[in-house]
Structure formats: structure tokens, C-alpha cells
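I have placed the structure first, in the form of C-alpha cells, so that the comments after it can refer back to it.
The values are calculated or read from the model by the stated rules, or taken from the named source; none is laboratory data. Worth saying up front: this structure is predicted, and the values here are computed from it rather than measured. Every residue, glycine among them, receives a Cβ derived from its backbone with ideal geometry; neighbour counts consider all protein chains shown. The area values use the complete protein model at the heavy-atom level, side chains included, leaving out ligands, DNA and RNA. Shrake-Rupley method; radii C 1.70, N 1.55, O 1.52, S 1.80 Å.
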Amino acid sequence: MIGILGAGSLGRLWAASLPAGKVAFIARPGESPGADLVYRFRPFDGPESTIRIPFLRASDEPELLLVTTKAGDTVDAIAGIIDRIPQSAPIMLFQNGLGSQQAVAAQWPDRPILAASTTEGANRPEPDLLVHAGSGDTWVGAMTESARPSVGRAVAFLQGTGLAIHPEPDILQRLWQKLIINAGINPYTAILDCPNGKILAASFYQDTIDSLCRELSVLMAAAGQGKETPDSLRQRIERVARSTAGNTSSMRADVLLGRRTEIDFINGYLTRLGKDLGIKTPVNQMLTERVQQLSSR
Ligand SMILES: NC(=O)c1ccc[n+]([C@@H]2O[C@H](COP(=O)([O-])OP(=O)(O)OC[C@H]3O[C@@H](n4cnc5c(N)ncnc54)[C@H](OP(=O)(O)O)[C@@H]3O)[C@@H](O)[C@H]2O)c1
């Protein structure tokens with residue numbers, strides 16, 4: 001049995017992709033949903049179907065936990081249900097950005113904590129409709145040395161879902177690569193209220209992107225994540241902005257829906273890291289504050 005904590009877009013995608021009968025959502029503490037969770041699933045290709053997923057029963061012992069809450073909810077969400085998860089069960093974190101994964105690994109150092117980086121895309125245009133909008137890859141790796149032996153077992157559980165999943169020896173590096181792209185696209189789309197590709201021509205972007213990439217380059221090197229020039233980071237950010245030109249980033253979508261964004265785990269994480277390492281990060285800080293202001297309105 002695989003338990004999923006967080007019945008949102010990504011949690012529902014994994015639930016729909018795993019074999020029926022092998023997966024259950026985990027309710028919040030104190031909530032005891034009587035009925036299964038039922039929703040329509042529109043796959044990347046193929047016909048729509050109806051998915052029915054039960055909630056974990058008191059007698060169920062998950063062999064693997066997938067955590068698909070937003071980064072800001074993750075530590076509290078796990079704390080609420082950790083007593084239901086056997087000590088040996090790998091806990092796989094799907095959050096974007098960085099900071100929440102380290103917080104979970106620090107809070108439960110004796111648990112096999114894994115992190116996943118995924119390029120799958122899922123959204124819920126209606127509450128009971130899950131759309132698999134983009135088909136991609138998922139890499140899974142250990143957040144701590146002691147979790148390394150659990151990676152193969154956890155990946156094996158998820159193979160056969162139809163979603164491409166791979167073990168990753170250096171998951172932190174992969175999370176950093178995604179962080180760089182998110183840091184260079186997401187806040188601009190939220191502040192400018194535009195799809196990804198439209199940021200490139202905006203003067204706010206053009207006036208700040210080189211300084212941002214200088215900060216990113218220094219932070220990466222100081223964090224032991226390799227040397228990349230600001231120019232090559234800018235090129236990478238712009239390649240992704242062009243190839244996803246029509247997409248609305250999750251950060252812009254969160255602002256539009258009045259939901260808390262994950263800025264604290266993207267540019268906010270980089271700002272905190274800069275403070276810890278004595279590196280100035282005025283552009284990351286400005287982007288963080290601008291997005292925080294938008295979502296507090
Ligand atoms: N969606 C994607 O395509 C995608 C792709 C890559 C990475 N990610 C990352 O995956 C994470 C989840 O994204 P998402 O799009 O699936 O977000 P989402 O749709 O907002 O789903 C998060 C779910 O977690 C639930 N939740 C919050 N606190 C909980 C708790 N204490 N116990 C149980 N459930 C709780 C939320 O319930 P309420 O709504 O009731 O609060 C919501 O259903 C994010 O970090 C995101 O960046 C998503």
C-alpha cells in the first residue's frame with residue numbers, strides 16, 4: 001500500500017497512475033472521510049476515466065509515503081500523520097524549490113527521507129477534474145546518507161505507473177537546477193501577471209535579470225553546486241521561458257487564485273541562503289517581497 005499525503009493536483013496524478021487497490025490518500029488528523037475520493041482523470045493521451053481512491057484505514061500500514069502538499073504545508077502535514085507511517089517506509093517529498101526538504105530531513109533524521117524532482121504537469125481546472133497537462137520525468141534521490149538504500153525500493157514501487165521514474169544519485173543538484181529556472185521565471189510571471197514567454201520583453205525583467213543571474217551564479221558556487229556563468233544561467237532561463245511560452249506558472253496561478261505561493265522556497269530560500277553565507281542578494285529579496293505583497297492582498 002502506498003499512502004499519499006496531499007490530494008491536490010500532483011497527488012491525484014500519482015493516485016490515478018498507480019494500480020487500483022494499491023494506493024490511499026491520508027486524511028488530515030481528526031478528519032475521517034467516510035467516502036472514497038472520486039474524480040475525473042483526463043490523461044495526457046487517451047480517454048477520460050473516473051478514479052476512485054480510498055482513504056487510509058487505521059489498520060493500513062503504508063510501505064511508501066508520497067508527500068504532495070505545497071512546500072509551506074509540508075512539515076506540519078507530515079507531523080500530523082507520522083505516527084501512522086512505519087519507521088522503515090520511505091517518505092518521498094515532491095515539493096518545488098528548496099528548504100522544505102532539508103527541514104523534513106532535519107526533523108526526522110532517523111526516517112528514510114527522499115526527494116523527487118518532477119517535470120510532470122497536472123492541474124485541476126475544476127474541483128473534480130484532474131488534467132495530466134504535461135508528460136515528463138521524475139527523479140528520486142536520498143536527502144540523507146542513511147536514506148540511500150531506500151531509493152531503489154521506492155523507485156521500484158512507482159515503476160509500472162506509466163510515469164517515467166528514475167533513481168538520482170545527486171537529487172540536491174537536480175533540485176538546484178530546477179530552482180534556478182523557477183527563480184528566474186516564476187516571480188516575474190506573478191509580478192507581471194503574464195504567461196512565461198511574455199516576461200522576456202518586459203523592461204522589469206530586462207532591467208533585473210542580469211543582476212539576478214549574478215546572484216544565482218555566486219550562490220550556486222558557494223553552495224557547492226558548480227560554477228556557471230551568469231550569462232549561461234540567463235540563456236537557460238530564457239530557453240525554458242521560450243519553450244513554455246504559453247504556460248501560466250504555478251506562482252502566477254496561486255496569486256490569481258488568492259493562494260499562498262511557494263516564493264519562500266524559491267527566491268526566498270536563495271535570500272536566506274545568501275544571508276547565511278554572507279552573500280548579498282538584493283534582487284532575490286526584492287522579487288520575494290514583491291510576490292509576498294501580491295499574495296497578501
Ligand atoms: N502540479 C504539478 O504539476 C507539480 C509539478 C511539479 C511539482 N509540483 C509541486 O508539488 C507540490 C504540490 O503541488 P500541487 O500542484 O499538487 O498543489 P495543490 O494542488 O495545492 O495540492 C496540495 C494539496 O495538499 C493538501 N494539504 C495541505 N495541507 C495538508 C495536510 N496537512 N494534510 C493533508 N493534505 C494537505 C491541500 O489541501 P487544501 O487544498 O485543502 O489545502 C491540497 O489538496 C508543490 O510543492 C508543487 O510545487 C507540482
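Would you mind getting the Kirkwood hydrodynamic radius of the stretch 2-169 from its Cα pairs, rounded to one decimal in Å?
16.0 Å
Can you report the principal axis dimensions of the stretch 129-232 using only the alpha carbons, biggest first, rounded to whole angstrom?
For the stretch 129-232, the Cα extents along the three principal axes come out at 48, 42, 18 Å.
Taking Cα atoms of the stretch 173-296, Rg/Rh with Kirkwood Rh, to two decimals?
Using Cα coordinates only, the ratio equals 0.94.
Considering Cα pairs under 8 angstrom that are at least six residues apart, work out the relative contact order of the stretch 216-297 and quote it in whole percent.
Across the stretch 216-297, relative contact order equals 28 percent.
Counting residues in the stretch 182-247 as N, plug N into 2.2 N^0.38 Å and put the Cα Rg over that result.
The stretch 182-247 yields a ratio of 1.10.
Among Thr281, Gln206, Ser295, whose Cα lies farthest out toward the positive end of the dipole of the stretch 197-297, if unit charges sit on the beta carbon of Lys, Arg (+1) and Asp, Glu (-1)?
The Cα lying farthest towards the positive end belongs to Ser295.
Any idea what the relative contact order of the chain is, in percent, if you count C-alpha pairs under 8 Å spaced at least 6 apart?
After rounding, I find 15 percent.
How much length is gained on full extension from Glu145 to Lys227, taking 0.36 nm per residue of separation minus their Cα-Cα distance?
27.1 nm
Once the Cβ-Cβ distance between Lys280 and Ile82 is put in as r, and R0 is 51 Å, what FRET efficiency do you end up with, to the nearest 0.05?
Details: r = 38 Å, r/R0 = 0.75.
Efficiency computed from Cβ-Cβ geometry: 0.85.
Heavy atoms only, probe 1.4 Å: what % of the accessible area of the chain goes to carbon and sulfur, would you let me know?
50 percent
Along each of the three principal axes of the Cα atoms of the stretch 227-288, give the extent in whole Å, ordering the values from largest to smallest.
On the principal axes, the stretch 227-288 reaches 35, 28, 14 Å in Cα extent.
According to a simple spin-label model (label point 7 Å from Cα along Cα-to-Cβ), what is the distance in nm between Ala201 and Arg28?
Roughly 4.3 nm, to one decimal.
If I take all pairs of Cα atoms in the chain, what percentage of them are more than 33 Å from each other? Working shown, then result.
Working: 10133 of 43956 pairs.
Every Cα pair in the chain considered, those over 33 Å come to 23 percent.
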